[in-house]
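Shown next, in structure tokens, is the structure this report addresses.
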Amino acid sequence: MKRLAVWLLRGMLVLLLLLGAVLLAGYLHYQGAAGRHYAINDPPLQLPTDSHAMARGAHLYITRGCADCHGADGGGAEVMDAGPVARVVAGNLTPKALAARGYDADRIAAAIRHGVGADGRPLFFMPAGDFHGMSDADTAALVAYLGTLPEQSRDPGRGGLRPLGWVLNMLGKFPAFPAETLDHRPRPRSAPEAKANATYGEYVIEVCRGCHGVDLRGGLQHGPNSPPSSDLSPRGLRDWRLEDFMRAMRQGLRPDGRQLDPFMPWQSLGQMSDLELRAMWAYLQTLPKD
């Protein structure tokens, strides 16, 4: 019995050492990624002051999902607490809060389009890939709009990976820093003419790729309680018509009348204009069917 107890104790110690080694490796991997610095040198923004641009910025803030995470007032919020995996927060975007963290207009633009903070380090879980192609004019309108938000004093605290998240991140199962996968070479960005066609739809639909995948075929899961995202290709929407798509985006209802999963932010996306939604639908029809 004593010999068995000794072997059991040794086995437990070995398992604990292995677990500790895996956790340490995951932690070091995470800290290495979090500490990397990125130089963002996009052309400086020219901030507009006219009412049309401010309205455009407000429209983008709502329809591109900024308000879903940061709050309608921009004061920030906890987005997700996934227990041992991660805590995700969206920071306070009101002017004084941004300035206190070292953000000017171009650094805000870098955060939006590159997922890089004012200190040059990657932002945790910031879906910058959805906005990487946002035009300079739209980005400037959005940044200018943020400058008009009434001050809010909320501080959602710090987010980041937790022990299980360290390991999942190291294994490539829980990407933490979208900045790692983006092209950070400086370049001017422009948008196609706003028409209800596939060309403009491709520009608008960028905001959907973070959840539905680069090819928009879905199957991605973004949280412990979220369903796999839907296939938006003609294969996945084979029984849908334009009217069904518009209804889903405006009312959150499928063609058969069932409610979309709450994880789908149709309330914000549904505030897009008819032109934007029709353009998105036109683009979806151009995707491969197989």
Before we move on, is Ser268 under 24 Å from Phe125 (Cβ atoms), at pLDDT 95 or above, under 16 Å from the mean Cα position of the chain (by Cα) and of a type outside the set (Asp, Glu)? yes
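Matching residues to (1) polar (S, T, N, Q); (2) on the phi < 0 side of the Ramachandran plot:
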| site | (1), (2) |
| --- | --- |
| Gly252 | no, no |
| Asp256 | no, yes |
| Gln267 | yes, yes |
| Leu277 | no, yes |
| Gln285 | yes, yes |
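For region 189-214, which positions are in a loop (DSSP other than H, G, I, E, B) and at pLDDT 95 or above? Working first, answer last.
Here is the first cut: in region 189-214, the residues in a loop (DSSP other than H, G, I, E, B) are 189-197, 205, 213-214.
Selection gives Arg189, Ser190, Ala191, Pro192, Glu193, Ala194, Lys195, Ala196, Asn197, Ile205.
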Could you go through region 141-152 and let me know if any residue there is of a type in the set (Phe, Trp, Tyr), touching a strand residue (DSSP E or B) at 6+ places or on another chain (Cβ under 7 Å) and buried (at least 19 other Cβ atoms within 10 Å of the Cβ). no
List the number of the failed condition for Phe177; all other conditions in (1) under 17 Å from the mean Cα position of the chain (by Cα); (2) over 30 Å from Ala21 (Cβ atoms); (3) aromatic (Phe, Trp, Tyr) hold. (2)
Could you say whether any residue in region 232-244 is more than 19 Å from Arg64 (Cα to Cα), at pLDDT below 95 and acidic (Asp, Glu)? yes
Inside region 119-157, can you point out the residues that are assigned to a loop (DSSP other than H, G, I, E, B), under 18 Å from the mean Cα position of the chain (by Cα) and either farther than 20 Å from Met80 by Cβ or not assigned by TED's automatic domain parsing to the domain that holds Arg87 (or both)? Arg121, His132, Gly133, Met134, Ser135
Which pairs turn up if I take residues in region 96-108 that are closer than 14 Å to Ala144 by Cα and assigned to a helix (DSSP H, G or I) and look for partners that are at pLDDT 95 or above and among the β-branched types (Val, Ile, Thr) with beta carbon separation below 9 Å, at least 6 apart in sequence or on another chain? Leu98/Ile108; Ala105/Val143; Asp106/Ile40; Asp106/Val143; Arg107/Ile40; Arg107/Val116; Ile108/Thr139; Ile108/Val143
Kindly establish whether Met246 is within 20 Å of Ala194 (Cα to Cα), of a type in the set (A, V, I, L, M) and outside the structural domain of Asp130 (by TED's automatic domain parsing). yes
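The values are calculated or read from the model by the stated rules, or taken from the named source; none is laboratory data. Only a predicted model underlies this, so the values are computations on that prediction, with no experimental measurement involved. Heads up, the Cβs are rebuilt from the backbone with ideal geometry, glycines too, and the neighbour counts pull from every protein chain shown.
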